[in-house]
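Accompanying notes for the structure given below.
The values are calculated or read from the model by the stated rules, or taken from the named source; none is laboratory data. This one's a predicted model, so the numbers in the text were calculated from it and none came from an experiment. In this analysis, Cβ positions are derived from the backbone assuming ideal geometry, glycine residues included, and neighbour counts consider all displayed protein chains. The protein model used for the area step is the full one, side chains on, heavy atoms only, and it has no ligands, DNA or RNA in it. Shrake-Rupley method; radii C 1.70, N 1.55, O 1.52, S 1.80 Å.
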Amino acid sequence: MVKTPRRNLCGVLLLDKAFGLSSNSALIKTKILYQAQKAGHTGTLDPFATGLLPICFGEATKFAGYMLNATKAYDASVRLGYTSNTGDADGEVIAQQPFRGDANDIENVLQKFRGEIVQIPPMYSALKHKGRPLYEMARQGIEIERQPRHLTIYELTLLGRSDDELYIRVVCSKGTYIRVLAQDIGAALGCGGYVSALRRSGTGGFNLSDAHTFEFLQTMSEAQRDSLLLPADSLVQDLPAVVLPKSEARLLGQGKWVRNVAAWEQINKSSIKTKIYDEAGHFYGLAVSDIDGNIVAERMMSAVAE
């Protein structure tokens, strides 16, 4: 049997991940569909969760890590009156206590979780202890001490309520566990709670409204699917940009340094990694400034589309 040759693609696909599919499984299916040589995703989305999962192809995978620090947005359903050992509907209900409060009680509790908060990561997570995922230990009944995390909840809005279900929208900093947030909200209301449904609606500058389901992608031609790919620099859209002459940009692309006083001052002022473009708008990658007045390649594209 003749194998279909893999394609050297470069770009970012906004995938609307289906329920029950792990992020890695979604990545593999999409990579096969596109026949891509290389692919990666920008951060795990739990199997029970749906929604936005950016998939990177080829050179774009070099910049996927910068999305890990991006702000995330979720729409979640929180079932009150029940405590789950996993914090979601996949777990075992280990306690029940009816919610007897009112709308004011709910709003007062939500207010406590807006802004800077502290969370303890759950045992049922992919975090590792001595090389082992915590969820493996949790399934064996092993409890490991976890260090608290300082997080920011930028938005926590009550979208509605139906019997024992709260519908909330959360915009949060990296590392936030919505399952833990649901548990903590339930505990603060005195009845317990867990996430019964979760959908990621945004990450960084990407929105779910621009994403596509795998089933929809399957109905398209190869050219149509390729047209959906966003450029690699969309992964670092919030970073500052500097334009260099093509000759200097090419030197950086070769891993060398360049000296350009005006550009160095612009990069040095930002104190962070900076996107490099030539005058024609081609993206070369990321660079930093050093103390000697040079612009130094940080993470560059191996090939630039021109």
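Determine if the stretch 57-76 includes at least one residue that is out of contact with any Cys (no Cβ under 7 Å at 6 or more places or on another chain), under 16 Å from Asp184 (Cα atoms) and in contact (Cβ under 8 Å) with a residue 40 or more places away in the chain. Yes - at least one qualifying residue is present in the stretch 57-76. Within the stretch 119-144, the set of residues being open to solvent by less than 80 Å² (accessible area, probe 1.4 Å) and under 25 Å from Gly81 (Cα atoms) comprises Gln119, Pro121, Pro122, Met123, Tyr124, Ser125, Tyr135, Ala138, Gly141.
Pro240 meets all of the listed conditions (1) open to solvent by 20 Å² or more (accessible area, probe 1.4 Å); (2) farther than 30 Å from Ser173 by Cα but one, namely (2).
Of the residues making up the stretch 139-150, those that are under 18 Å from Asp184 (Cβ atoms) and not in a loop (DSSP other than H, G, I, E, B) are Arg149, His150.
If I ask for residues that are at positive phi and open to solvent by 30 Å² or more (accessible area, probe 1.4 Å), which ones from the stretch 21-51 would you list? Of everything in the stretch 21-51, just one residue is at positive phi and open to solvent by 30 Å² or more (accessible area, probe 1.4 Å), namely Gln35. Comparison of Thr203, Thr219, Thr274, Thr213 shows that the only residue that is within 25 Å of the chain's Cα centre (by Cα) and without any contact (Cβ under 8 Å) to a residue 60 or more places away in the chain is Thr274.
Taking the stretch 59-72, which residues are of a type outside the set (Phe, Trp, Tyr) and either modelled with pLDDT under 95 or open to solvent by 10 Å² or more (accessible area, probe 1.4 Å) (or both)? Answer for the stretch 59-72, where residues must be of a type outside the set (Phe, Trp, Tyr) and either modelled with pLDDT under 95 or open to solvent by 10 Å² or more (accessible area, probe 1.4 Å) (or both): Glu59, Thr61, Lys62, Ala64, Gly65, Met67, Leu68, Asn69, Ala70, Thr71, Lys72.
Of Asp105, Asp90, Asp75, all but one fail to be part of a loop (DSSP other than H, G, I, E, B) and open to solvent by 20 Å² or more (accessible area, probe 1.4 Å); the exception is Asp90.
Total residues in the stretch 174-201 satisfying the condition of being closer than 21 Å to Ala126 by Cα, among the small types (Gly, Ala, Ser) and at pLDDT 95 or above: the figure is 3.
Conditions (1) in contact with a strand residue (DSSP E or B) (Cβ under 6 Å, 6 or more places away or on another chain); (2) open to solvent by less than 80 Å² (accessible area, probe 1.4 Å); (3) closer than 30 Å to Asp16 by Cα; (4) modelled with pLDDT under 95, marked per residue:
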site	(1), (2), (3), (4)
Phe216	no, no, yes, no
Met220	no, yes, yes, no
Trp257	yes, no, no, yes
Trp264	yes, yes, no, yes
Thr274	yes, yes, yes, yes
Asp290	yes, yes, no, yes
Gly293	no, yes, no, yes
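Taking Ile153 as the residue in question, decide whether it is closer than 18 Å to Ala49 by Cβ, free of Cβ contacts under 8 Å to residues at least 60 places away in the same chain and either among the aliphatic types (A, V, I, L, M) or part of a strand (DSSP E or B) (or both). Here the answer is yes, as Ile153 does meet what is asked.
Criterion first (within 21 Å of Ala70 (Cβ to Cβ) and among the small types (Gly, Ala, Ser)) does Ala249 satisfy it? In short, no. Can you confirm whether the stretch 201-211 contains a residue that is over 30 Å from Tyr167 (Cβ atoms), open to solvent by less than 50 Å² (accessible area, probe 1.4 Å) and either among the small types (Gly, Ala, Ser) or not in a loop (DSSP other than H, G, I, E, B) (or both)? No.
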